[in-house]
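To start, the structure itself, in structure tokens.
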Amino acid sequence: MEQQIIETDVAVVGGGNAGLCAALTARESGASVTVLECAPVEYRGGNSRHTRNLRCMTDAYTESEYFDDLQRVTEGQTTDALAALVIRDSLRTTKWMKAYGVRFQPPLGGTLHLGRTNAFFLGGGKALMNAYYAAAQNRGIRILYNAEVTDLHLDDGKFKSGRILVNGQPAEFRAKALVAAAGGFEANLEWLEQVWGEAARNFIVRGTPYNKGTVLKLLLDHGVESVGDPRQCHAVAIDGRAPKFDGGIVTRLDCVPLGIVVNKQGDRFYDEGEDLWPKRYAIWGRLVAQQPDQIAYSIIDSKVMGRFMPSVFPPIRSATVQELAAALGLPVQKLEATVCKFNQAVRPGSFDHQILDDCRTDGISPRKSHWAQAIDRPPFYGYPLRPGITFTYLGVKVNERAEVQGFGSGTNIFAAGEIMAGNILGKGYLAGLGMTIGAVFGRIAGREAARAAGY
Amino acid sequence: MQQVTDPIAEGERLMVICNACRYCEGYCAVFPAMERRLTFSEADMNYLANLCHNCAECYYACQYAPPHEFAVNVPKVLAEIRARSYRKYAWPRFRDVSTWWAVAVGVVVAALLAGTRSAAAANFYAVISHEVMVGAFAVVFGFVILVHAAGFLRFWRESGQSAAGLLQPAVLLAAAHDALSLKNLDSNGVGCTYPDQHHSQARRWFHHLTFYGFLLCTASTAVAAAYHSFFGWQAPHAYFSVPVVLGTLGGIGLLIGPVGLYWLKRHRDTAIVDIKQDMLDVSFIALLFLTSLSGLLLLVMRETHAMAGLLRIHLGVVLGLFLTLPYGKFVHGIYRSAALVRSALEASRSQH
């Protein structure tokens, strides 16, 4: 049987937010475009499928405030020129998305703190992707699903052709320019284990199982410069009962600051009330990952039930702390002692979970700085916590034209989205920034790839 | 996260997932209503199911839709719960009826009502006397109103809301607006994802043609009855008289609307529907279509010898339609309206 050869002006590897922004923009210039999406149609869109908003500069959220927020979370690990590009173009990009049928809505219930800074997709990320794909199909962009890139052929820093499996059948693709928008490696369990050791086996991957980092690795092996620390990843503490992949938003747990968190030995290990939850949830993945067997338990009592967004799994519920310990498989006397010690350390205050209140502990380590209330009103509830990895930071270095670096000038390889987000987000996280980087750099990469292809 | 077969239990399973996600809250009234709750009783599920207009936006937007292991398919499960709720609220209890059963009963009744008088062209009351016609329809109409009122009250009682909730003008106005404009099939101006995942206003407009066509036909009948009772003006009326114009416009709507709805139904995505309900839907669509077709034919052929037969068929179809209203798809309007009132009531409370 003759092997299929796919020829196109611009090949876009990865069918998420960045990939589709690149494809639509390249098509605007008149280039023929083919999107190679390794997932089947139902799971298209990579991690964008699970997203819900992007961070957007507005009159109320100025460029300088946006930039300061980014400096704060990354502690300076950003590329100022690229960050400024993303921030300045965020509003125009949002308007461009609307023109392609993407719809926005007021902030979702339980997310009011993001109303000023973030634009929410009506229906979430999958609806966003549906709009992009409908627009792409209307404009004659070719989409191949189940199309997994296995090799890239470069000559003197220029992309020539690549090998793919389409529905398991080997094929070759040739293009005048390549856009790499294939995400990070967070779903590649072997790679995670190389970086994190055996602890990685207990990580849960919150998003798509298709982000294996194949294209990232191919590019790095070809000599593209890297950015970001392979050990850096965005990880939050999620419900330990979540599926290994693709559990998405519903597995998150927002009850951590309202109670105590213990490890499998029944010991507390970090200040649960250090700061408002939206500013702290992103450190808890790492904290849990550092505990024995990478598991922890959030313990609350009935006083705070109903004060946090419901999660998808019901809590384990018991009439006494001892019974709860037994039900969770924790050492009974130890947990009892931990709770007792914590309760004795709680100082009187007026509880308000919406502000940094004055309910704190005194005389224990670790302390609990806010929202400390005695855990004494039955029934008692427990949720198991595991590190839930959202995305990785290791990526390819790019310039302001989205060209990958390492070959001198004039390459025809461009990168957008998570695969290059580390250029801007070297550390920490700002809600919705990943989608903004993907959309802005997707458009840049699409424009530049079309130009490199002669359009 | 296992799927369950009991629709209520499956609905509760899904609502827990949806309530932890909330991405769909901008689509329709179902999701804001869901967010007002942490747990979901059977009564809650019946309410949410009747609030759902089965547009499927949430299905296409769902990151957890099949083949995802959470297997979230809200429109389908709510459709199943809705069908069960129709049987639950119906009083007296009933079986689903088919079009032909309804037509047959109607025609037999109409034939029984027919006198032996000669049927001169365009003289309706020579075929069936005015008194018999009015009497038969009054009985059927009374029955229909009684049964639907009972269903509405049973729904309202199960919801646990007070009767006073039904007497707030602002709430009723909001619910009437949503019901009469089919706001929940509009999806913020682009129309719903029906019959497939592309946005379209087709269903909303075909439903408008059907519903407002039905209203115009009812208005035509009411005007004609008033003419007869108060002015002694007897049918048949002139082509450009008020009752005939209303009836003709309504009849055209009631021809195009049901055909359009049927066409959409044939082309819809079967992933989101409860196939078992098809008989109920198609039967109602067919009765509406036959009502209009026989009425318009009667209008055009009222001067001919076909009149007597057509009149019996038309009256028979209308009688069949009305007799089966409480046991067919028509009831969706009753419970959907009740659910919209409850939704408007809850929304008004949460604003205060």
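The values are calculated or read from the model by the stated rules, or taken from the named source; none is laboratory data. What you see is a predicted model; the values in this text were computed from it and never measured. When we count neighbours, we look across all protein chains shown, and the Cβ atoms used for this are built from the backbone with ideal geometry, even at glycine. With ligands, DNA and RNA removed, areas are computed over all heavy atoms of the protein, side chains included. Shrake-Rupley method; radii C 1.70, N 1.55, O 1.52, S 1.80 Å.
Observations
- On the stretch given as the stretch A:146-172, residues that are part of a strand (DSSP E or B) and within 23 Å of A:Val404 (Cβ to Cβ) total 17.
- Helices (runs of 4 or more DSSP H) completely within the stretch B:120-204 that count 3 or more residues being of a type outside the set (Ser, Thr, Tyr) and surrounded by fewer than 19 Cβ atoms within 10 Å (Cβ to Cβ): B:130-158, B:169-181
- Hits in the stretch A:98-118 - residues which are hydrophobic (A, V, I, L, M, F, W, C) and either at pLDDT below 80 or closer than 15 Å to A:Thr51 by Cα (or both): A:Val102, A:Phe104, A:Leu108, A:Leu112, A:Leu114
- Sole exception among (1) of a type outside the set (D, E, K, R); (2) over 30 Å from A:Phe313 (Cα atoms); (3) surrounded by 23 or more Cβ atoms within 10 Å (Cβ to Cβ) for A:Leu218, by number: (3)
- Looking across the stretch A:1-57, the residues that are without any contact (Cβ under 8 Å) to a residue 60 or more places away in the chain and under 23 Å from the mean Cα position of the chain (by Cα) come down to A:Glu42, A:Met57.
- Restricted to the stretch B:61-81, and to residues there that are within 18 Å of the chain's Cα centre (by Cα) and open to solvent by less than 10 Å² (accessible area, probe 1.4 Å), the residue that is nearest to the other protein chains (Cβ to nearest Cβ) is B:Pro75.
- Complete set of residues in the stretch B:14-37 that are touching a helix residue (DSSP H, G or I) at 6+ places or on another chain (Cβ under 7 Å), within 12 Å of another protein chain (Cβ to nearest Cβ), touching a residue at least 12 places away in the same chain (Cβ under 8 Å) and outside any helix (DSSP H, G or I): B:Arg22, B:Cys24, B:Tyr27, B:Cys28, B:Arg36, B:Arg37
Yes or no, residue by residue, for (1) surrounded by 18 or more Cβ atoms within 10 Å (Cβ to Cβ); (2) within 14 Å of chain B (Cβ to nearest Cβ); (3) closer than 21 Å to B:Arg22 by Cα:
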position	(1), (2), (3)
A:Gln290	no, no, no
A:Ala296	yes, no, no
A:Ile300	yes, no, no
A:Met305	no, yes, yes
A:Val312	yes, yes, yes
A:Arg317	no, yes, no
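- Within the stretch A:22-60, the set of residues being acidic (Asp, Glu) and open to solvent by 50 Å² or more (accessible area, probe 1.4 Å) comprises A:Glu28, A:Glu42, A:Asp59.
- Hits in the stretch B:50-60 (condition: buried (at least 24 other Cβ atoms within 10 Å of the Cβ) and over 19 Å from the mean Cα position of the chain (by Cα)): B:Glu57, B:Cys58
- Check on A:Gly388, on the phi > 0 side of the Ramachandran plot and either buried (at least 16 other Cβ atoms within 10 Å of the Cβ) or assigned to a loop (DSSP other than H, G, I, E, B) (or both): no
- Residues of the stretch A:332-353 that turn out to be open to solvent by 30 Å² or more (accessible area, probe 1.4 Å) and in contact with a helix residue (DSSP H, G or I) (Cβ under 7 Å, 6 or more places away or on another chain), as a count: 3
- A:Gly45 away from every other protein chain (no Cβ under 14 Å), closer than 25 Å to B:Pro66 by Cβ and not aromatic (Phe, Trp, Tyr): no
- The stretch A:254-281, residues that are open to solvent by 40 Å² or more (accessible area, probe 1.4 Å) and not in a loop (DSSP other than H, G, I, E, B): A:Pro278, A:Lys279, A:Arg280, A:Tyr281
- Residues that are part of a loop (DSSP other than H, G, I, E, B) and more than 13 Å from every other protein chain (Cβ to nearest Cβ) were ranked within the stretch B:2-13; the one that is most open to solvent (accessible area, probe 1.4 Å) is B:Thr5.
- Among residues of the stretch B:14-39 being crowded, with 21+ Cβ neighbours inside 10 Å and of a type in the set (D, E, K, R), the one that is farthest from the chain's Cα centre (by Cα) is B:Arg22.
- All positions within the stretch A:59-70 that are in contact with a helix residue (DSSP H, G or I) (Cβ under 8 Å, 6 or more places away or on another chain) and in contact (Cβ under 8 Å) with a residue 40 or more places away in the chain: A:Tyr66, A:Leu70
- Here B:Tyr47 qualifies as at pLDDT 95 or above, more than 14 Å from every other protein chain (Cβ to nearest Cβ) and either within 22 Å of the chain's Cα centre (by Cα) or part of a loop (DSSP other than H, G, I, E, B) (or both).
- Residues in the stretch A:296-322 that are in contact with a strand residue (DSSP E or B) (Cβ under 6 Å, 6 or more places away or on another chain) and outside any helix (DSSP H, G or I): A:Ala296, A:Tyr297, A:Ser298, A:Ile299, A:Ile300, A:Asp301, A:Ser311, A:Phe313, A:Pro315, A:Ile316, A:Arg317, A:Ser318.
- Residue pairs meeting the criteria (Cβ under 7 Å; at least 6 apart or on separate chains; first over 20 Å from A:Phe313 (Cβ atoms) and within 14 Å of chain B (Cβ to nearest Cβ), in the stretch A:249-277; second at pLDDT 95 or above and surrounded by fewer than 22 Cβ atoms within 10 Å (Cβ to Cβ)): none
- Any hit, the stretch A:351-368, residues being within 14 Å of chain B (Cβ to nearest Cβ) and not small (Gly, Ala, Ser): no
- Output for the stretch B:18-43, where each listed residue is of a type in the set (S, T, N, Q) and touching a Lys or Arg at 6+ places or on another chain (Cβ under 8 Å): B:Asn19
- Listing of helices (runs of 4 or more DSSP H) fully contained in the stretch A:62-145 that carry 3 or more residues being under 27 Å from B:His198 (Cα atoms) and within 14 Å of chain B (Cβ to nearest Cβ): A:125-138
- The condition of being in contact (Cβ under 8 Å) with a residue 24 or more places away in the chain and open to solvent by 70 Å² or more (accessible area, probe 1.4 Å) holds for only one of A:Glu172, A:Glu75, that being A:Glu75.
- Answer residue from the stretch B:264-282, given it is of a type in the set (A, V, I, L, M) and touching a residue at least 24 places away in the same chain (Cβ under 8 Å) and is surrounded by the fewest Cβ atoms within 10 Å (Cβ to Cβ) among those: B:Ala271
- Meets criteria (at pLDDT 85 or above, open to solvent by 10 Å² or more (accessible area, probe 1.4 Å), in a helix (DSSP H, G or I) and touching a Ser or Thr at 6+ places or on another chain (Cβ under 7 Å)) for B:Leu261: yes
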